[in-house]
Amino acid sequence: MDLHSGVFGGVVLNPIQALSQIVASLHNPDGSVAVPGFYDGVKEPTPEERKMVTSAPRNLEEMVSMLGVPLEGGEKRFDPLERRGLRPTLEINGIGGGYQGPSGKTVIPAYAMAKISLRLVAGQDPHKTLKCVSDYLKSCATKGARVEVLDEAAAGPALQLSSSSPVLKVAQEAIQKSFNRPPVYLWEGASIPIIPLLSKASGAEPLLIGFGMEDDNIHSPNESFSLQQLEEGYRYVTAFLSVV
């Protein structure tokens with residue numbers, strides 16, 4: 001039931017205000033996640049990993065130009081490319097509540113909602129991490145508001161291939177053979193829960209090699225993948241199998 005703000009404003013707690021305060025409390029001023037227990041199991045990037053990431057050819061100004069916004073998200077103590085691929089995140093993917101149509105409508109909404117996702121890294125237990133976030137959200141309920149966490153689901157654990165993996169060495173050689181130049185190391189997150197399961201079941205180390213570009217607009221209505229990228233992928237696979 002929505003309440004007329006002219007009558008009940010200043011009397012009942014506005015759900016959107018309460019939700020905004022909760023969402024704002026999920027991160028610290030330095031960009032790190034404020035939820036207790038969120039970083040349990042997370043290891044600091046090794047010096048070798050940091051060197052591989054930060055030594056890759058990059059143009060942060062070009063990335064800013066493409067995105068149209070500064071690179072201010074995430075933990076400030078890490079390099080932007082480290083934040084992008086080596087660190088876990090908690091994101092607000094949607095938020096809403098109350099009247100959002102044309103013209104004014106002076107009502108206090110009955111509820112407000114937000115959608116939240118977690119990008120985990122190796123070492124984090126997805127179920128424990130989800131419980132930490134769920135428990136934190138529920139603990140944020142203040143007098144006059146009720147917090148409910150709906151549709152909780154842990155997609156799966158994260159997996160990261162070791163920088164010293166023999167599989168990675170073969171891939172390096174295959175890329176060098178295919179393109180006459182060394183590979184570029186750009187860690188990125190991806191939600192493919194079956195990969196860790198396949199790795200655990202087989203005992204093998206999975207290796208994902210990307211041929212997509214940042215301007216491919218992945219998952220968007222105008223997602224693209226050029227014939228040149230497809231050809232390069234085939235060339236790599238052929239070289240990889242010949243090296244093996």
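Of the conditions (1) small (Gly, Ala, Ser); (2) part of a loop (DSSP other than H, G, I, E, B); (3) more than 18 Å from the chain's Cα centre (by Cα); (4) farther than 30 Å from residue 111 by Cα, residue 145 fails just one. Which one is it?
Result: residue 145 fails condition (4) only.
Listed residues 160, 172; which is in a loop (DSSP other than H, G, I, E, B) and closer than 30 Å to residue 42 by Cβ?
None of the others qualify; the one that does is 160.
Name the residue that is surrounded by the most Cβ atoms within 10 Å (Cβ to Cβ), counting only residues in segment 118-138 that are of a type outside the set (A, V, I, L, M) and not in a helix (DSSP H, G or I).
Step one: of segment 118-138, the residues of a type outside the set (A, V, I, L, M) are 119, 123-129, 131-132, 134-136, 138.
If we keep only those that are not in a helix (DSSP H, G or I) as well, we get 119, 123-125.
Details: 119: 14, 123: 14, 124: 23, 125: 15.
Across segment 118-138, the extreme among qualifying residues is 124.
For segment 200-232, name all the residues that are assigned to a helix (DSSP H, G or I) and within 25 Å of the chain's Cα centre (by Cα). Reasoning before the result, please.
Going residue by residue through segment 200-232, those that are assigned to a helix (DSSP H, G or I) are 200-202, 214-216, 227-232.
Passing the criteria: 200, 214, 215, 216, 229.
I'd like to check something: does segment 146-167 contain any residue that is closer than 26 Å to residue 49 by Cα, at pLDDT 90 or above and touching a Ser or Thr at 6+ places or on another chain (Cβ under 6 Å)?
no
Only residues that are open to solvent by 90 Å² or more (accessible area, probe 1.4 Å) and closer than 15 Å to residue 30 by Cα: list them for segment 56-75, please.
72
Among residues belonging to segment 28-50 that are modelled with pLDDT of 95 or more and either among the β-branched types (Val, Ile, Thr) or in contact with a strand residue (DSSP E or B) (Cβ under 9 Å, 6 or more places away or on another chain) (or both), point out the one that is most open to solvent (accessible area, probe 1.4 Å).
Among those residues, the one meeting the criterion is 39.
Out of the residues in segment 88-116 meeting the condition of being touching a residue at least 12 places away in the same chain (Cβ under 8 Å) and charged (D, E, K, R), tell me which one is surrounded by the fewest Cβ atoms within 10 Å (Cβ to Cβ).
Applying the filter and picking the extreme gives 115.
Residues of segment 184-211 being at negative phi, open to solvent by less than 90 Å² (accessible area, probe 1.4 Å) and not hydrophobic (A, V, I, L, M, F, W, C), which ones?
185, 189, 193, 196, 199, 202, 205, 206, 210
Would you confirm, using the coordinates I've provided, whether residue 10 is more than 24 Å from residue 142 (Cβ to Cβ), at pLDDT below 85 and exposed (fewer than 11 other Cβ atoms within 10 Å of the Cβ)?
Working: more than 24 Å from residue 142 (Cβ to Cβ): no; at pLDDT below 85: yes; exposed (fewer than 11 other Cβ atoms within 10 Å of the Cβ): yes.
Answer is no for this residue.
For the structure I just gave you, tell me whether residue 53 is of a type outside the set (S, T, N, Q), open to solvent by less than 30 Å² (accessible area, probe 1.4 Å) and in contact with a Cys (Cβ under 6 Å, 6 or more places away or on another chain). Explain how you work it out, then say what you get.
Values: of a type outside the set (S, T, N, Q): yes; open to solvent by less than 30 Å² (accessible area, probe 1.4 Å): yes; in contact with a Cys (Cβ under 6 Å, 6 or more places away or on another chain): no.
Taking the combined requirement at face value, the residue does not satisfy it.
Hey, does segment 161-168 have a residue that's in contact (Cβ under 8 Å) with a residue 12 or more places away in the chain, under 30 Å from residue 136 (Cα atoms), open to solvent by less than 40 Å² (accessible area, probe 1.4 Å) and among the aliphatic types (A, V, I, L, M)?
no
The values are calculated or read from the model by the stated rules, or taken from the named source; none is laboratory data. These figures come from a predicted structure and were not determined experimentally. Cβ atoms come from the backbone with ideal geometry, glycine included; neighbour counts cover every protein chain shown. Keep in mind that these areas ignore ligands, DNA and RNA; they rest on the heavy atoms of the full protein, side chains included. Shrake-Rupley method; radii C 1.70, N 1.55, O 1.52, S 1.80 Å.
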